[in-house]
Amino acid sequence: MKLKDKYPQLQDPAVVKSMVVRSVYASMALENQTVPLERIEQLYEQTIPPKK
């Protein structure tokens, strides 16, 4: 069973983006390297592969 089958909410790109952004923000904050959420969102957008 794949994760997308077990957790259908993972098929929503907005949910995945939210999870990744919050996780990165929290990890950086734990190491006293706070980065604005907007910057993390910008970096996330750069990871989206181009559409064919």
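The values are calculated or read from the model by the stated rules, or taken from the named source; none is laboratory data. Every value quoted in this text rests on a predicted model; they were computed, and no experiment measured them. When the accessible area is computed, the model is the full protein with side chains, heavy atoms only, and any ligands, DNA or RNA have been set aside. Shrake-Rupley method; radii C 1.70, N 1.55, O 1.52, S 1.80 Å.
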query: Roughly how many Å² of Arg22 are accessible to a 1.4 Å probe, to the nearest 10?
result: 140
- prompt: Once the Cα atoms of helix 13-30 and of the chain are each reduced to a long axis, what angle between those two axes, in degrees from 0 to 90 to the nearest 10, is obtained?
  reply: 30
- prompt: With all protein chains present, how much of the accessible area of segment 1-45 (probe radius 1.4 Å) comes from carbon and sulfur, to the nearest whole percent?
  reply: 57
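Run lengths n ≥ 4 of DSSP H only: what is the helix-derived mean residue ellipticity at 222 nm for the chain, with -39500 (n - 2.57) per run over all residues, to the nearest 500? Spell out each step's value before the answer.
Values: 3 runs with 32 residues, N = 52.
The helix-only estimate for the chain comes to -18500 deg cm²/dmol at 222 nm.
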message: Could you report the chain's accessible area per residue, 1.4 Å probe, as an integer in Å²?
response: 91
